[in-house]
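Colleague: One structure follows; several queries about it will come next.
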Amino acid sequence: SAWLSLKNRFANMDVLVALGITAAYGYSLLALFGLLGDSATAFFETSAMLILFIRFGKWLEARAKGQASAALKKLLELQADSATLLDGGVERVIPADQVKVGDLLLVRPGDKIPADCVVVEGEAAVDESMITGESLPVEKTLDSKVIGATINRNGRLVIRATAVGEGSVLSNIVRLVEEAQGDKPPIQRLADRISNVFVPLVILLATLTFCGWLLGSDQGFLFAFQMGISVVVIACPCALGLATPTAIMVGSSVGLEHGVLFKKATALEQISKTKVLLLDKTGTLTSGEFKVDRITVVGHFNEGDLLRYAATLESGSAHPLAKGIVAEAEKRQLERLSVSAQQEIGGRGVRGLVGGKEVACGSRDFLIEQGITAAVVDRSPDGDGPGSQIFVAIDGKLQGVIALTDAIRDNVAAVVMRLQHMGILPVMVTGDSRHVAASVARAIGLEHFEAEVLPGQKLDIVKKYQQQGQLVGMVGDGINDAPALAQADIGIAIGSGTDVARETGDLVLISGNLIDIVRSIELGRKTLGKIRQNLFWAFFYNALGIPLAAGLFYPAFGLSLKPEFAGLAMAFSSVSVVTNSLLLRREKRHFLEK
């Protein structure tokens, strides 16, 4: 490692150790053959003990790192060994790694799901705790997605494989965590820059130590030489190099065990410093599944006809409100009319020809743009009622208002309160009217919100808070909020458990549980705290060890440090840093499991 480092004109930490071992061994060879005079003493044991102690330290370090990556090992061990293939109605057991995309598989109660699949027949409760961290089984029915390595607790399922091998959710999670553990946050880059300067500085200190003892005392060449080697060996900044990576490794593994996937090492540091957290309302604070609450008719169309026209027009839209209107029409078994010239205006509304009539559905402002007088819209009897309103105009006249609601997620109020206690400003972002936004904000204890925000404006909201000097986090669904998540200092995607590889953002809450936002912030702060502790002890060790190895305490107290024991001290400093990082696993119950 030292040789490769020097070839690349870079002095890494191994250069110091290699230099100390080589110097001691070279001196001993010269002394053995009498080339340094008859009084010269060989000390081969120093080189041997240095290698022994340093390898012992590396072994302890490797064991500690192995514990740190235990979560990944557990995940990989979860994969099913076999699968029951349905081939022309005949059941055949095959190795799980032979499953191909499109294969039909049978899963009985107690079996592991062998690959990522979609349910084509049957119902069952599936345990996804190993992926999402949620202990309660998830009900699966026709067209539900199931994740490889999860367990069928009851019921019989016939499933079709959709992703296998490297393309599976499990493999993607492992890959993303490994990438995060290999990533370098800003605090690690600072440590690297210090290490680059540290190596030549130590060689200079060792040279000065040697010259000082040789020329300024009567201890002799051998004593001065050993002191110089001790300085080189004890000053090796291995602990400095381990301070950040081990804490990141443990932090990301602990997060994974609790359904929090850090896709970048920088996310652990950034989330710990977040001051403003923007929360998308639909799909994040609420379920995102809108239901028609009431229909108010103001024209000559009856309620059923009004809904039929609106649902027909909205049938081509992917907007959550549109889906709610279409679902209500299907529930009432209303037949769709013919539709043409359908045009959706980004997040505001839809217009087109339905059954030969010009129909427009959307927000208040959208209908005013379509020529409906503002006063007419504002006089509508349900214009400012609870829920999200869709105004419906037919042939240029307002005919009614469809109000939709989506349920607020469990524990949202508790999450908001916890965020506020942590010194973070939570801000709700929604496309709803200010009246609706204020109603939701009151229900969950929020003081700040941004209302009537179009999808493309979320990016501007993030920039606005960043321009105020705030470190901004954005929580969204990972797909509709992609630009805002990418712009935020820390993008947090609410995952579904099956789309973690496609999610935008630096961090994915796999289970979709909002309390994981608080947990991830706590984990980020604890991990950053461990990094700072590790860096402090690494520097403190060198600040104490180098003077001792240089013999500064020898004249007054007779204290000195032989090179081999300097090597032992260096090895144990590295182990202590790794052990301190591992304590994060024991401390997690105080902040993740409460």
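Colleague: Any idea what the dipole of region 291-405 comes to, in debye rounded to 20, about its Cα centre with Lys/Arg Cβ at +1 and Asp/Glu Cβ at -1?
Modeller: Roughly 140 debye, rounded to the nearest 20.
Colleague: Could you please state, rounded to a whole Å, how far the C-alpha centre of region 136-173 is from the C-alpha centre of region 522-594?
Modeller: 45 Å
Colleague: How much net charge surrounds G110 when only other residues with a Cβ under 13 Å from its Cβ are counted (Lys, Arg +1; Asp, Glu -1)?
Modeller: +2
Colleague: Then there is this: In whole angstrom, note down how far apart the Cα centers of region 95-125 and region 439-467 are.
Modeller: 42 Å
Colleague: In addition: Take peptides 563-569, 25-31 and line them up by average Cβ neighbours within 10 Å, highest first, as a rough protection proxy.
Modeller: Packing proxy ranking, top to bottom: 563-569, 25-31.
Colleague: Could you check how many percent of all C-alpha pairs in region 291-405 are farther apart than 21 Å?
Modeller: When every Cα pair of region 291-405 is considered, 24 percent fall beyond 21 Å.
Colleague: Moving on to the next point. Specify whether the C-alpha gyration tensor of region 238-292 places it in the rounded, prolate or oblate class, a ≥ b ≥ c being the square roots of the eigenvalues: rounded for a/c under 1.5, otherwise prolate if a/b is larger than b/c and oblate if not.
Modeller: Since a/c reaches 1.5 and a/b is larger than b/c, the shape of region 238-292 is classed as prolate.
Colleague: Now for a separate question. Between R193 and L544, what FRET efficiency follows from the Cβ-Cβ distance if R0 is 30 Å, with the result rounded to 0.05?
Modeller: Working from the Cβ atoms, E equals 0.85.
Colleague: Right, something else. Using label points projected 7 Å from each Cα along Cα→Cβ, tell me how many nm separate D460 and L201, to one decimal.
Modeller: Computed distance between label sites D460 and L201 equals 4.9 nm.
Colleague: Past 25 Å, Cα to Cα: identify those pairs from K458/K530; K100/K140; K323/K463, in the order given.
Modeller: Those over the limit are K458/K530; K323/K463.
Colleague: Given the convex hull over the Cα atoms of region 235-357, what projected area results after averaging over all orientations, in nm²?
Modeller: Details: hull surface 51.6 nm².
Averaging across all directions leaves 12.9 nm² for the Cα convex hull.
Colleague: What residue among V401, Q342, V326 has its Cα farthest toward the positive end of the dipole of region 291-405, where the charges are +1 on Lys, Arg and -1 on Asp, Glu, each on the Cβ?
Modeller: About the Cα centre, the residue reaching furthest to the positive side is V326.
Colleague: Still on this structure: Which parts of region 331-352 would a label at A318 reach, counting a residue when its backbone N lies under 13 Å from a point 7 Å out along Cα-to-Cβ?
Modeller: From region 331-352, the list is 347.
Colleague: Kindly provide the trypsin sites (Lys or Arg not before Pro) of region 85-123 that DSSP labels as loop, not H, G, I, E or B, and whose Cβ sees at most 15 other Cβ atoms within 10 Å. Numbers along the way, then the final one.
Modeller: Details: sites: R92, K100, K112; in loops: K100.
Counting only loop positions with at most 15 other Cβ atoms within 10 Å, the trypsin sites (Lys or Arg not before Pro) in region 85-123 are K100.
Colleague: Say each of H300 and E166 gets a label point 7 Å from the Cα, pointing the same way as Cα to Cβ; how far apart are those two points in nm?
Modeller: 6.6 nm
Colleague: Which of the peptides 465-474, 277-286 is most tightly packed, and how do the rest follow, going by the mean number of other Cβ atoms within 10 Å of each residue?
Modeller: Peptide ranking by packing, descending: 277-286, 465-474.
Colleague: I'd like the FRET efficiency for I368 and F557, computed as 1/(1 + (r/R0)^6) with the beta carbon distance as r and R0 of 51 Å, rounded to 0.05. Kindly include the intermediate steps, with their values, before the conclusion.
Modeller: Values: r = 87 Å, r/R0 = 1.71.
That gives a FRET efficiency of 0.05.
Coordinate-derived values only; no laboratory data. Because the structure is predicted, anything quoted here is derived from the model rather than measured. Glycine gets a Cβ as well: all are built from the backbone with ideal geometry, and neighbour counts include every protein chain shown.
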